[in-house]
Every structure is written in C-alpha cells, then in structure tokens.
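Enquirer: To start, I am sharing the structure in question, which I have written as structure tokens.
The values are calculated or read from the model by the stated rules, or taken from the named source; none is laboratory data. What you see is a predicted model; the values in this text were computed from it and never measured. Using ideal geometry, Cβ is built from the backbone for each residue, glycine included, and neighbour counts are taken over all protein chains shown.
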Amino acid sequence: MRLWIARTGSLPVREQLVAQLLLTILSGDLRAGQRLPSTRDLARRLKIHANTVSAAYSELEHEGWVESRRGSGVYVRSRNRKRAAHPEQALDQLIADFFRTSREHGIPLQRVHERLRHWLALQPPDRFAVIDPDEELRRILAAEIEAAVGFPAVAMAPGACREAAALAGSIPVVLLSKYDALRATLPADAECVALRVRSVPASLAAWMPIPSDALIVVASRWQGFNQWARAMLLSAGVDPDALELRDARRPRWQHGLERARIVIVDVVTARSVPTGCRMLAFPVVSDASLDELRQYAGFATL
C-alpha cells in the first residue's frame, strides 16, 4: 500500500490520509478482510502523529469502510458476495441453493415455478444503466463503460429508475462508494453491480517523482474529479502553486493548456483538449470492474 503525505500546503494531513485510504479500498488495492497497518506502524512510516492515523481510521469506520476488531486491529469491511470456486459447477450449485432456500422459507413449489416463469419472461438486458445523482459523473462512467466493454450504457438519475419498468432491459451499475444509498432506491428485484474505482497511486507511478516546478492542470466537468486529483497530487508532493484546477463547463477553459507539463482529465473532457497538449486521460472505473461488466455483457448476449 503506497501512500503520500505532504506536510506543507492547505490540505490537512488527516484529509490526505482519509482520501488515499478510501481510494485504495474503492480501487481494490486494499481488499475486504485485509488488515490495515497499526496506527503506530503507519504513523512511523509516514512520519506523522499516531493520533492523526487513529482519527483517519475512525472516520473511515464511521463511514462503514473499515471495522475495528478488539485486540486484532482495523480491517477492510467485506461488502461483496463470494463467488463459486468452480465455474463449471456454479449453475447446478446456484439452482440447488435456490431450491433449498425456497424450502427453508416454506415457499410452495408451484409458487417457485410461477416466479421462475416471470423472470424468464423478462426482457433480456441490452444495456447498462449508470445511476448516480451527479449528471456529469454518470456521463463519464457511461462513456468509459461503453468504450471499454463494447456494450451500450445509458446515464440515469436515481429518481428516474424507481419503477421496474424504467429499468427494463438494463443492468444497473453504481459506484461502490454510493452502493448502499442508491441500491435502496431501486426496485427490490433489480440486480445492481457495484463499480470499483481505478488505483490512483498505480496510475501515477509512471509520472513520479513529479518535478516541483511542473505546471499541472486538472480539468473536468465533474468537480469530484478535480477534488480527488487535488488531494492525491498534493499528497504526492506537488507544489500547490503549480497545480491548477479547471471547470471544463466554463467557456475558454482550454486557454493556455499548452503551457502545462501535463493535463489530467476525465475521458469525456479528453475529447475537448487541444491537439498538442501532453494529456493524461484518467479513467474512473477499475480494470477489475470493467472485466466484471464484460462478463455481464457476454452473459446477456449469449
């Protein structure tokens, strides 16, 4: 687990630590059940106060991302279901589990048959429905998924998909960080895929160390992109005076981009960056989540 801490600048060390730890969890660099370093060990490694690490861990625990185990340490909370160990046996095992669970709940076999016929009669999915309250973010996610997976993706606001009819033929997908909140707004029988975000430290590794005098421009129509990028780059030691954030919704936001050492943008904003600029188009969705979506797309088109 690679972390950066900048001791100078306007961003408090605790906020730097929380942002980076959350990104490592959302990207899968820290996996469910994995133990985080002790507060003392991490404080010694980063040369910061142990109380700062403890406060960061407490914030992540309050938000439900980690859990403290008495006498053992702090662990990433498990949020995903386990997969079958042997794919060739998965279908038979799922069917057997389905009938066993039905019996345990006292559901008559006739009722089981009725519900199976209902599900088999549903319209096969022919697109992903990217659900997020932020219009710009869902546009970015839909563009990434469609380009990487080769399966149509539409962007939807949470309020537009409360009824099952609105999601007919769709596979709903949401960011893992918002899964619990958004899943509760969907119909109970709607399947929903949680997306992990890309590992920022791994993506920045090729650019490290960043020269202290290098002008870096971060631009996006989604302001969350700019905020995350600022937190990570300042933690990596970028001079705050050499970091410029631009709202790509504003007129003339491209002005002077050619002076930047690197222009970091999302995949939608990348389409508007002038030719000749040194650009890093940073995808939000992790490779592991894109592979999972390819499995869904393959299943739906077989």
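Enquirer: Here is a list of conditions, (1) without any contact (Cβ under 8 Å) to a residue 12 or more places away in the chain; (2) within 16 Å of the chain's Cα centre (by Cα), and R138 meets all of them except one; can you say which number that is?
Expert: Result: R138 passes all but (1).
Enquirer: Another question about this same structure. Would you pick out the residues in the stretch 222-270 that are closer than 15 Å to P283 by Cβ and in a loop (DSSP other than H, G, I, E, B)?
Expert: W222, D266, V267, V268
Enquirer: To continue, here is another question. Mind listing whichever residues of the stretch 1-53 are β-branched (V, I, T) and in a loop (DSSP other than H, G, I, E, B)?
Expert: I5, T8, I48
Enquirer: Return the residue satisfying two criteria in turn: it lies in the stretch 4-35 and is closer than 19 Å to E61 by Cα and modelled with pLDDT under 85, and of such residues it is farthest from the chain's Cα centre (by Cα).
Expert: The selected residue is D29.
Enquirer: Output yes when any residue across the stretch 134-154 is surrounded by fewer than 20 Cβ atoms within 10 Å (Cβ to Cβ), at positive phi, assigned to a loop (DSSP other than H, G, I, E, B) and modelled with pLDDT of 90 or more, and no when none is.
Expert: Among the residues of the stretch 134-154, at least one is surrounded by fewer than 20 Cβ atoms within 10 Å (Cβ to Cβ), at positive phi, assigned to a loop (DSSP other than H, G, I, E, B) and modelled with pLDDT of 90 or more, which makes the answer yes.
Enquirer: I would also like to ask the following. For the subset of the stretch 155-181 comprising residues that are part of a helix (DSSP H, G or I) and over 29 Å from R77 (Cα atoms), which member is farthest from the chain's Cα centre (by Cα)?
Expert: A165
Enquirer: Filter the stretch 183-202 for residues that are out of contact with any Asp or Glu (no Cβ under 8 Å at 6 or more places or on another chain), part of a loop (DSSP other than H, G, I, E, B) and of a type in the set (D, E, K, R) and give the result.
Expert: If the condition is that a residue be out of contact with any Asp or Glu (no Cβ under 8 Å at 6 or more places or on another chain), part of a loop (DSSP other than H, G, I, E, B) and of a type in the set (D, E, K, R), then D189, E191, R196 are the ones that fit.
Enquirer: Sticking with this structure for a sec: For residues that are surrounded by fewer than 17 Cβ atoms within 10 Å (Cβ to Cβ) and under 20 Å from G224 (Cβ atoms), tally how many sit in the stretch 155-175.
Expert: Result for the stretch 155-175: 2.
Enquirer: Also, quick follow-up: For the stretch 141-151, check the following and say yes or no: at least one residue is without any contact (Cβ under 8 Å) to a residue 40 or more places away in the chain and within 22 Å of D266 (Cα to Cα).
Expert: Yes, the stretch 141-151 has at least one match.
Enquirer: For R115, are the conditions met, namely being assigned by TED's automatic domain parsing to the domain that holds A300, of a type in the set (K, R) and surrounded by 12 or more Cβ atoms within 10 Å (Cβ to Cβ)?
Expert: no
Enquirer: What residue, of A300, A288, A236, is assigned by TED's automatic domain parsing to the domain that holds A148 and within 21 Å of the chain's Cα centre (by Cα)?
Expert: None of the others qualify; the one that does is A288.
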